[in-house]
Amino acid sequence: MDEWSPRGPVVFVDGRQQRDTSVRLPWDDPGLAAGFGAVETLAVVDGFPVFLDRHLARLVQSCTLLGLPAPDPGAMHFQVSIALAAWGAPEGVLRIQLTAGGHSILGVRPASELREKVSARFVEWPAAPFPPPRAKHTSRGGAAMAPTHHGVDEVIRVDRDGSVLEGTWSNVFCVVDNTLHTCPDDGRILPGVTRAVVLELAQRRGLDTVETAPLQHTPGAGWFITSSLNGVVPIHELDGQPLAPMSPVVRALQADLLHTTGRTPLPT
């Protein structure tokens, strides 16, 4: 019997483990031909997928918004457990992808180090005819190219009036006078799982939160982003200008999230 190594990625297609990391789909599957599908990516910590139920709920929502058959969460739980058992390592990154052709792809790969800080740039981003912002879809060519094109770690999408919406791989917060501001889940952004958790953690700390899109030129604002794989990450440079070091509010939320997910805090 062949042994499966946990050192490299493991991949399942339609419930079957692949003997390498290749994914074989029909040439005309819309997920391959047009990048049409839904996707979730989440961290694995101590053998457990972080906030799996929240990610599966968003996967169902994304499929509904894109007009795709919604998966059964119970069946997805089972598939995830099989993939993690095959992975066999305590840490990793789990990716769940559903194609419009009806195929499911689950992969687990090694986890990368958490980002300590990022540079960012505000960019006015087009809307239609892109897929709905609230759907986490697989048409990510433009989003993947944008940070490299602008020479930063993350590009932050803004409206024509300068309202700050979200990043290409993150949600965005600003802090003014110990109050958190972030774009609401009003159809213009992908409602991030980590974004929701951070808002809950802020409320537990008694911090004021305002779900109104902040303006990109907000005086005295400190900025940070959130994502499932990196947690809370301060922005240290924005539009080519250095920002102040991480504030106590952001540091506290970062520590709370690390504690909630069971991750090791970053060195100070």
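The values are calculated or read from the model by the stated rules, or taken from the named source; none is laboratory data. These figures come from a predicted structure and were not determined experimentally. Glycine also receives a Cβ, built like all others from the backbone with ideal geometry; neighbour counts cover every protein chain displayed. Surface areas here come from the heavy atoms of the whole protein model, side chains and all, with no ligands, DNA or RNA. Shrake-Rupley method; radii C 1.70, N 1.55, O 1.52, S 1.80 Å.
Taking the 1.4 Å solvent-accessible surface of the chain as the whole, the part contributed by carbon and sulfur is 55%. For the chain, the relative contact order works out to 18 percent when only alpha carbon pairs closer than 8 Å and six or more residues apart are counted. Take the chain and mark each of the GluC sites (Glu not before Pro) that is in a DSSP loop with at most 15 other Cβ atoms within 10 Å; the longest unmarked stretch, sites excluded, is 117-210. What percent of all Cα-Cα pairs in the chain falls into each 10 Å bin, going from 0 up to the bin containing the maximum distance? Histogram of Cα-Cα distances, whole percents per bin: 7, 28, 35, 23, 7, 1, 0. Starting from the Cα of D14, step 7 Å toward the Cβ, then list every residue of the stretch 81-114 with an amide N under 13 Å from that point. 99, 101-105, by backbone N distance to the label point. Our summary gives the stretch 25-110 a relative contact order of 38 percent, counting only alpha carbon pairs under 8 angstrom and 6 or more residues apart.
Around the amide H of I156, modelled in the peptide plane, lie the amide H atoms of R121, F122, V123, all under 5 Å away and 5 or more residues distant in sequence or on another chain.
Entry comment: accessible area of the chain is 51 Å² per residue, from protein heavy atoms only and a probe of 1.4 Å. On full extension, the segment bounded by M145 and H259 gains 37.8 nm, given 0.36 nm per residue less the C-alpha separation. Within the chain, the whole DSSP H helices whose Cα atoms reach 15 Å or more along their own axis and whose mean Kyte-Doolittle score is at least -1.0 are 52-66, 73-87, 193-204, 248-261.
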